[in-house]
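See below for the structure under consideration.
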Amino acid sequence: MHQTMGQQLVSFTTKILNELAQGRASEDLAREVCLFAEAWSTGRVASITQLDDQGRLHVFSAPSAPVSLIEEFSGLRPGPYAGSCGNVAHRNEPVIVSDIDRDARWDDLRTAASHWKLKSCWSWPVCQDGKIIGTFALTGMTKGDPDVDQRALLEACSSLAGIVLVHTLVKRQEISQRHLYRALFGAVEVLIQHKSEQEMTQALCERLSADANFSAVWLGRPAPDDRFEVLAKAGAGMMQIVEARPSLVEAGDDAPLIVRAWRQKRAFFSNDVLADASLKKWHPTFAKNSWSSLLAVPVLRSGKLWAILVWASPSINTFDHHTVDLCHRVASLLGQSLDEHDLKAKIRALQLEEAQLARTDSLTGLPNRLALEEYLPKSLARAERHHRVVAVGMIDLDDFKPVNDKYGHELGDFLLQGLAQRFQTSVRESNFIARLGGDEFVVVFDDLDDSHAAEQLEAAVARLHQAVETPFDFGEQGLVRIGMTMGVVLYPQDGEKPEELLRCADVAMYQAKLHKADRTRWWYQGTNSEEPFSERAFDPFGEDACALLAAVHPYFSVAAVNFSDSFYADLARENGPAEILQALTADELEHLKKAQAAHLTSLLNPDNTLQGITREARRLGKIHALIGVTGSWMTRAMSLYRGFLRSYLENLLPNERYRALRVADARLQLDIEVQLDLMQKVTDSYNLYLSHPLDHIHSRWLESAQAELDALAKLPGILVAQVLRPMANGIFATELDAGEKARELDAVLHLPGMRPVLDTRAPAGHGLIARAWHSGQVQHTDDYGRDDRTKTWQEAFKPLGVRSALAIPVRGAREMEFVLIVLGEWPHQ
């Protein structure tokens, strides 16, 4: 049965839609649409054109047209004289030209039309959401207008062409989005791999500009002259940008996008820069480099505006909502990576500073015992290689205790500081002097000539003694004189090991002390002693060491108590330690002092073992790392405590005193080394967590976020980590949680009045979570149990052991998304 054109159109449309759904190529379907139209319009050629990103028309399908004709009419720019299709794209309405030779609308194409003997052309717009995306046309070599059926055919085929072109655009957008995702993942990889700031930013620009969506990417920020300087760049036209240097002085709507983004601290984009009158000044640059769309996005560093990341695309309409969002994420990732870079640099600097502080006596600035223990073996090794002599001197001040007793510890410290400065000027740079604690110092004279060692040592010792030859000015208290006594031994004559030399120097110094009243000089050289002794294998936990500790343990107990009072009074005068101590109640501080004294006494208890000290040191090391205790404070405490021990052991025989201090030193050093090792491991665990950027673009956000939260909650000292989001009623609901106390916390939050709320008039609206949400600022407390902001939850949280808390607001592209709350086990964490 013969079908009408209308019936065939219905069947043909169904066929096209089915084949489209089955995944048939758009080009094949467009060809079928054209051939169907030609079958119902004898003598006419059907064509479908598509508007490209530069606003030009390209022939998408014209199966019956010669290739050379297609090439001649492709790339047509729409306009009032650009033929039927050019007018359709220009006016977004059907255009029927029945006599091309006489119609002015074909003036720009007159030569081409004459060459191909074109006489009439009927063209219909192809649209998506009312916006022109192409045309469908029937062109003939005879003049004339379409009849009713032909108009219906043009309208139907233009609709089918629209379906095909939209499908093509969707496919292209999918490909483009895949490119964008690849670029984004590539950006993440770049930011992870590169360590320096310059490498990171340059590699990011290169990686992004390598994607087909972007022809250029650069990062800029204002220099002191208020002109933008390019920090990193890649792609076409970069030299022009470097030379042009947009200025912040350019204000108003016609300012460059990078300037607008900086001034208003938000993203700006133009999806057709050559049609954007506000960017007219830059049109030559855009045209020369084929930039059709631009996007400028702020980059924040440490929460502050740092630079602007700019993307240039060769296509118009590149920056839709989704693309802008992805570019925002790249800028955010860059900011986070820079923050991580800064954090690592700060940590490295702090580690170097800590390493230096750990080797420096906090009172005098001289090297301490740890520094001496590292320096002396190297000094002896150098001397062995070069066949030189090293002199090691142990110094003890004369009559320093009466100075402390008469003038007080403050002026005593003042004297030690002044003496240290004098030592530093009187000792050559090639030599070394360290303070062991109290009024005890060690000096190392390097590079002595074996044949002239005695003369060189005499000269060096004379220079050293100049430090006490001038009295110390105590202001209104008058001038104070002190002396000093030194025992000196030589390497390799008197010993070959650092411990042996220090012990012998200590004995020699006491020999000089014994003859203080009748000695002819202030220092004594050699190892001759009224109490002969021999060096034996040393084990701080061995039978001999334990017997010695048992004999002198009462001295250690008294020294530990007095040390604790003095040490914490000293710490309270310094900013860093004072902040930690202020987070403690009076009872807690008193308990801490007693615990410190008990710990020191336990270290030197003859019944304590290597395993026992190690176990307790590991526990304390973790706590100290979390509350902010530094390695320098610990080495300082050891030095101070040793000074107390030395003064309390003053009446022992030199060899007995030396061995007692040696046992104490070994145990104290073990304690500190284990604690420092644990402190570093705690720090490393946090750094490792921070070194892995969050996967912001995970397709399954909840699973990704839960995994991140689980990792966070496993860090030392973290009791609970939660993600909370306010519901429609203004009450915060727990969306995700992790941690050993998560269940207990959830049970507490289900109690009446315990859930945080947005309403600041309610008691539960005054806490850290609500404040973080409203302010957009991180909220934290070092002392949860005494902070007014946490009063509502303090009693309920006591069984959980919460001592500190951190609330971090997390903002999305447009608004606040949620609050991350982290509860800590220790104060000042």
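Would you confirm, using the coordinates I've provided, whether S315 is hydroxyl-bearing (S, T, Y), under 30 Å from V480 (Cα atoms) and more than 27 Å from the chain's Cα centre (by Cα)? So that I can check it myself, show each step before the final result.
On the way: hydroxyl-bearing (S, T, Y): yes; under 30 Å from V480 (Cα atoms): no; more than 27 Å from the chain's Cα centre (by Cα): yes.
For S315, the condition - hydroxyl-bearing (S, T, Y), under 30 Å from V480 (Cα atoms) and more than 27 Å from the chain's Cα centre (by Cα) - is not met.
Is it true that some residue in the stretch 412-423 is closer than 21 Å to D447 by Cα and either assigned to a helix (DSSP H, G or I) or touching a residue at least 12 places away in the same chain (Cβ under 8 Å) (or both)?
Our first condition is that a residue be closer than 21 Å to D447 by Cα; within the stretch 412-423, this holds for 423.
Cutting the leftovers down to either assigned to a helix (DSSP H, G or I) or touching a residue at least 12 places away in the same chain (Cβ under 8 Å) (or both) gives us 423.
Yes, some residue in the stretch 412-423 is closer than 21 Å to D447 by Cα and either assigned to a helix (DSSP H, G or I) or touching a residue at least 12 places away in the same chain (Cβ under 8 Å) (or both).
Taking the options L457, L397, L436, name whichever one is part of a helix (DSSP H, G or I) and either without any contact (Cβ under 8 Å) to a residue 24 or more places away in the chain or of a type in the set (A, V, I, L, M, F, W, C) (or both). Steps first, answer last, please.
Details: L397 fails: part of a helix (DSSP H, G or I); L436 fails: part of a helix (DSSP H, G or I).
Within the list L457, L397, L436, the selection yields L457.
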Complete set of residues in the stretch 332-362 that are surrounded by fewer than 19 Cβ atoms within 10 Å (Cβ to Cβ) and within 25 Å of V442 (Cβ to Cβ):
L352, E353, A355, Q356, L357, S362
Taking only pairs six or more apart or across chains, which ones have beta-carbon atoms under 6 Å, a first residue in the stretch 62-85 that is assigned by TED's automatic domain parsing to the domain that holds T135 and over 25 Å from L29 (Cβ atoms), and a second residue that is surrounded by fewer than 20 Cβ atoms within 10 Å (Cβ to Cβ) and of a type in the set (D, E, K, R)?
R77/R56; Y81/D107; Y81/D108; A82/D108
In a helix (DSSP H, G or I), among the charged types (D, E, K, R) and surrounded by 15 or more Cβ atoms within 10 Å (Cβ to Cβ): does that describe R503?
yes
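So that you can scan it fast, the table gives a plain yes or no per residue for (1) at pLDDT below 90; (2) within 30 Å of T635 (Cα to Cα); (3) among the aromatic types (F, W, Y):
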residue: Q675; (1), (2), (3): no, yes, no
residue: L690; (1), (2), (3): yes, yes, no
residue: S704; (1), (2), (3): yes, no, no
residue: A713; (1), (2), (3): no, no, no
residue: V723; (1), (2), (3): no, no, no
residue: N729; (1), (2), (3): no, no, no
residue: L745; (1), (2), (3): no, no, no
residue: L749; (1), (2), (3): no, no, no
residue: P752; (1), (2), (3): no, no, no
Within the stretch 255-272, track down each residue that is more than 29 Å from the chain's Cα centre (by Cα) and closer than 16 Å to F228 by Cβ.
A255, P256
Going through the stretch 128-145 one residue at a time, which ones are touching a helix residue (DSSP H, G or I) at 6+ places or on another chain (Cβ under 7 Å) and either aliphatic (A, V, I, L, M) or buried (at least 20 other Cβ atoms within 10 Å of the Cβ) (or both)?
I132, I133, G134, T135, F136, A137, L138
Screening L35, L29, L17 for residues that are buried (at least 18 other Cβ atoms within 10 Å of the Cβ) and either in the same structural domain as A161 (by TED's automatic domain parsing) or assigned to a helix (DSSP H, G or I) (or both) leaves only L29
Going residue by residue through the stretch 769-784, is there one that turns out to be over 30 Å from I580 (Cβ atoms), surrounded by 15 or more Cβ atoms within 10 Å (Cβ to Cβ) and not acidic (D, E)?
no
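One line per residue, one yes/no per condition, for (1) acidic (D, E); (2) in a helix (DSSP H, G or I); (3) not assigned by TED's automatic domain parsing to the domain that holds L208:
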{"residue": "L219", "(1), (2), (3)": "no, no, no"}
{"residue": "P224", "(1), (2), (3)": "no, no, no"}
{"residue": "V230", "(1), (2), (3)": "no, no, no"}
{"residue": "E250", "(1), (2), (3)": "yes, no, no"}
{"residue": "D254", "(1), (2), (3)": "yes, no, no"}
{"residue": "K280", "(1), (2), (3)": "no, yes, no"}
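Being assigned to a loop (DSSP other than H, G, I, E, B), charged (D, E, K, R) and in contact (Cβ under 8 Å) with a residue 24 or more places away in the chain is the filter here, so list the residues in the stretch 771-813 that pass it.
Taking the stretch 771-813 as the starting set, the residues that turn out to be assigned to a loop (DSSP other than H, G, I, E, B) are 776-778, 782-783, 787, 801-803, 812-813.
Checking the rest, the ones that are also charged (D, E, K, R) come to 782-783, 787, 803.
Of everything in the stretch 771-813, those that are assigned to a loop (DSSP other than H, G, I, E, B), charged (D, E, K, R) and in contact (Cβ under 8 Å) with a residue 24 or more places away in the chain turn out to be D782, D783, R803.
Can you tell me which residues in the stretch 772-829 are of a type in the set (A, V, I, L, M, F, W, C), closer than 21 Å to K622 by Cα and touching a Phe, Trp or Tyr at 6+ places or on another chain (Cβ under 7 Å)?
Taking the stretch 772-829 as the starting set, the residues that turn out to be of a type in the set (A, V, I, L, M, F, W, C) are 772-773, 778, 793, 796-797, 800, 802, 805-808, 810, 813, 816, 818-823, 826.
Now drop any that are not closer than 21 Å to K622 by Cα, which leaves 800, 802, 805-806, 822-823, 826.
Matches in the stretch 772-829: V802, A805.
Per-residue answers, yes or no, for (1) exposed (fewer than 15 other Cβ atoms within 10 Å of the Cβ); (2) within 33 Å of the chain's Cα centre (by Cα); (3) modelled with pLDDT under 90:
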position	(1), (2), (3)
D570	no, no, yes
P577	no, yes, yes
L584	no, yes, yes
Q596	no, no, yes
A617	no, yes, no
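So that you can scan it fast, the table gives a plain yes or no per residue for (1) in the same structural domain as M638 (by TED's automatic domain parsing); (2) assigned to a strand (DSSP E or B); (3) modelled with pLDDT of 85 or more:
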{"position": "L295", "(1), (2), (3)": "no, yes, yes"}
{"position": "P298", "(1), (2), (3)": "no, yes, yes"}
{"position": "W306", "(1), (2), (3)": "no, yes, yes"}
{"position": "V310", "(1), (2), (3)": "no, yes, yes"}
{"position": "S315", "(1), (2), (3)": "no, no, yes"}
{"position": "T318", "(1), (2), (3)": "no, no, yes"}
{"position": "D325", "(1), (2), (3)": "no, no, yes"}
{"position": "S337", "(1), (2), (3)": "no, no, yes"}
{"position": "L357", "(1), (2), (3)": "no, no, no"}
What are the pairs, 6+ residues apart or on separate chains, where a residue within the stretch 714-733 that is without any contact (Cβ under 8 Å) to a residue 40 or more places away in the chain has its Cβ under 8 Å from a residue that is polar (S, T, N, Q) and surrounded by fewer than 17 Cβ atoms within 10 Å (Cβ to Cβ)?
L715/S685
Flag for T111 being hydroxyl-bearing (S, T, Y), within 24 Å of A37 (Cα to Cα) and either assigned by TED's automatic domain parsing to the domain that holds A37 or not in a strand (DSSP E or B) (or both)
no
Got a number for residues in the stretch 90-108 being touching a helix residue (DSSP H, G or I) at 6+ places or on another chain (Cβ under 9 Å) and either assigned to a loop (DSSP other than H, G, I, E, B) or not assigned by TED's automatic domain parsing to the domain that holds S158 (or both)?
3
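For the stretch 27-71, what are the residues that are among the hydrophobic types (A, V, I, L, M, F, W, C) and farther than 17 Å from A152 by Cα? Talk me through it step by step, then tell me what you get.
Start the filter on the stretch 27-71 by keeping residues that are among the hydrophobic types (A, V, I, L, M, F, W, C), which leaves 29-30, 33-37, 39-40, 45-46, 48, 51, 57, 59-60, 62, 65, 67, 69-70.
Scanning the stretch 27-71 gives L29, A30, L51, L57, V59, F60, A62, A65, V67, L69, I70.
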By residue number, the members of the stretch 53-85 that are under 54 Å from the mean Cα position of the chain (by Cα), not hydroxyl-bearing (S, T, Y) and not in a loop (DSSP other than H, G, I, E, B) are L57, H58, V59, F60, L76
Out of the stretch 430-468, which residues are of a type in the set (D, E, K, R), surrounded by fewer than 21 Cβ atoms within 10 Å (Cβ to Cβ), in contact with a helix residue (DSSP H, G or I) (Cβ under 9 Å, 6 or more places away or on another chain) and over 11 Å from A391 (Cβ atoms)?
D449, R463
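Taking the condition out of contact with any Ser or Thr (no Cβ under 9 Å at 6 or more places or on another chain) and under 20 Å from S315 (Cβ atoms), does A236 pass?
Details: out of contact with any Ser or Thr (no Cβ under 9 Å at 6 or more places or on another chain): no; under 20 Å from S315 (Cβ atoms): yes.
Taking the combined requirement at face value, the residue does not satisfy it.
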What is the one condition in (1) without any contact (Cβ under 8 Å) to a residue 60 or more places away in the chain; (2) in a loop (DSSP other than H, G, I, E, B); (3) more than 28 Å from V170 (Cβ to Cβ) that S41 does not satisfy?
(1)
Hey, among the residues in the stretch 632-656 that are in contact with an Asp or Glu (Cβ under 8 Å, 6 or more places away or on another chain) and farther than 17 Å from A560 by Cβ, which one's modelled with the lowest pLDDT?
P654
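The values are calculated or read from the model by the stated rules, or taken from the named source; none is laboratory data. If you're wondering where the values come from, they're calculated on a predicted model, not measured in any experiment. Backbone-built Cβ (ideal geometry, glycine too); neighbour counts: all protein chains shown.
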